[in-house]
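The values are calculated or read from the model by the stated rules, or taken from the named source; none is laboratory data. All of these numbers come straight from a predicted model, not from anything done at the bench. Note that each Cβ is placed from the backbone with ideal geometry, even for glycine, and that neighbours are counted across all protein chains shown.
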Amino acid sequence: MQRFQLSSRMGLHRPILEGKVNFPLCLAPMVGITHVALRELVREYLPAEAYTLWPTEMLNSRKIPKENLKTTPETMRSPTEVGLVPQILGNEEEPIAESVQRLIQWGAEGIDINMGCPVQKALKHNYGVALMGDPDYAAEVVRMTVKHSTVPVSVKLRAVGSTKEFHELLSFVLKIREAGANWVCLHPRTAAQKRRGQADWEQIKQLHQAVDFPVIGNGDVQTVEDAINMLTETGCDVAMSGRGLAARPWMMWQLGESLGFAPPPGREGMLAPRTALEEGQEYGRCLLRLIALCGQYFREDLALRKVRFYVRVTGVWLDFGNALTGVCAKAQDLEQLKNEVKLFFESPQEMCQRTDLRQ
């Protein structure tokens with residue numbers, strides 16, 4: 001890909017976190033993936049002086065009040081992390097109130113409410129996307145969260161249908177805005193679609209045009225070109241990427257180059273990887289770094305599971321990702337895993353630009 005310069009004003013039309021956010025790409029909250037080790041890995045590719053939002057895995061508000069947030073894997077954090085906006089799942093005021101207060105003491109700079117999770121466990125308890133079936137109820141969940149929060153509250157939601165039903169989405173968003181939501185993140189697939197089909201970016205565009213508060217776009221951002229296209233085509237304030245950014249943490253670096261940011265600290269004078277071979281080589285470096293970070297934060301058996309899951313989710317972009325998954329599955333400990341990964345990447349590996357994410 002040709003390196004080019006874009007306007008540093010891309011995205012961020014409306015202030016987020018009182019204007020502290022100055023970089024229009026962020027990681028999505030993902031169960032089993034957006035943990036402290038992965039966040040630290042991605043953050044190492046964030047350009048110098050860039051500030052963006054950082055999620056957690058989805059956190060159950062019924063469990064947070066009873067947990068040790070410093071040692072629970074889902075809430076472990078680095079003491080140097082900033083911009084943390086943990087995502088909570090819930091619908092009852094008492095556990096939400098206690099969860100919000102504990103998370104703010106823990107270091108949250110914002111609280112995100114999950115109204116997009118389509119899994120049966122969430123639906124059974126009237127969490128996640130189930131809240132979108134009752135706008136008044138959803139607004140009440142936002143209201144009770146805002147009532148107990150001293151930091152901004154956001155909502156991550158899904159589409160309610162096609163662009164023909166956009167008025168339903170807008171009505172829903174305006175209700176939760178009135179209840180106190182500071183911004184929303186829209187993943188424009190319906191709950192029934194889950195990961196299937198193409199994300200309808202037109203809904204992100206329509207929503208951003210229809211409201212006067214920040215809108216984050218999510219869905220089908222696998223490459224830095226996708227992030228740039230989402231920002232330019234929809235006008236959204238920030239592009240959010242899940243598995244794509246987990247697989248390519250250097251997307252942060254690539255976008256920073258295009259926006260005129262200085263390279264990430266420690267990478268001064270270097271250029272971000274761009275070719276298929278460069279990206280394949282960088283993936284290997286990332287994986288070794290993730291192994292080290294998982295070993296630092298988690299006990300060994302959990303660290304092994306975290307790394308294996310990461311490879312299953314992100315290895316689909318590698319030409320021989322299935323082989324790498326097999327290599328990681330056979331490793332008995334972190335030292336063996338590290339050695340096997342080093343051996344695997346002694347042979348040149350290539351990454352494809354895009355892959356089918358329905359798996």
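Collect the residues in segment 230-243 that are in a helix (DSSP H, G or I) and in contact (Cβ under 8 Å) with a residue 60 or more places away in the chain, keeping them in residue-number order.
At the first step, the residues of segment 230-243 found to be in a helix (DSSP H, G or I) are 230-234, 243.
Hits for segment 230-243 are L231, T232, R243.
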Taking segment 62-85 and keeping only residues that are in a loop (DSSP other than H, G, I, E, B) and either in contact with a Pro (Cβ under 7 Å, 6 or more places away or on another chain) or of a type in the set (G, A, S) (or both), one is left with R62, S78, G83, V85
Top-ranked residue in segment 254-275 [being exposed (fewer than 12 other Cβ atoms within 10 Å of the Cβ) and not small (G, A, S); ranked as nearest to V42 (Cα to Cα)]
P265
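Every residue, every condition in (1) crowded, with 24+ Cβ neighbours inside 10 Å; (2) of a type in the set (F, W, Y); (3) in a helix (DSSP H, G or I); (4) modelled with pLDDT of 95 or more, yes or no:
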residue: K205; (1), (2), (3), (4): no, no, yes, yes
residue: F213; (1), (2), (3), (4): no, yes, no, yes
residue: I228; (1), (2), (3), (4): no, no, yes, yes
residue: L245; (1), (2), (3), (4): yes, no, yes, yes
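On the basis of being of a type outside the set (V, I, T) and in the same structural domain as L103 (by TED's automatic domain parsing), does L38 make the cut?
Numbers: of a type outside the set (V, I, T): yes; in the same structural domain as L103 (by TED's automatic domain parsing): yes.
When the stated conditions are applied, L38 passes them.
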First in segment 309-327 and polar (S, T, N, Q), second anywhere and at pLDDT 95 or above and assigned to a helix (DSSP H, G or I), Cβ under 7 Å, 6 or more apart:
T314/R243; T314/A246; T314/A247; T325/V311; T325/R312; T325/G315
Any residue in segment 216-225 that is over 12 Å from the mean Cα position of the chain (by Cα), of a type outside the set (F, W, Y) and part of a helix (DSSP H, G or I)?
yes
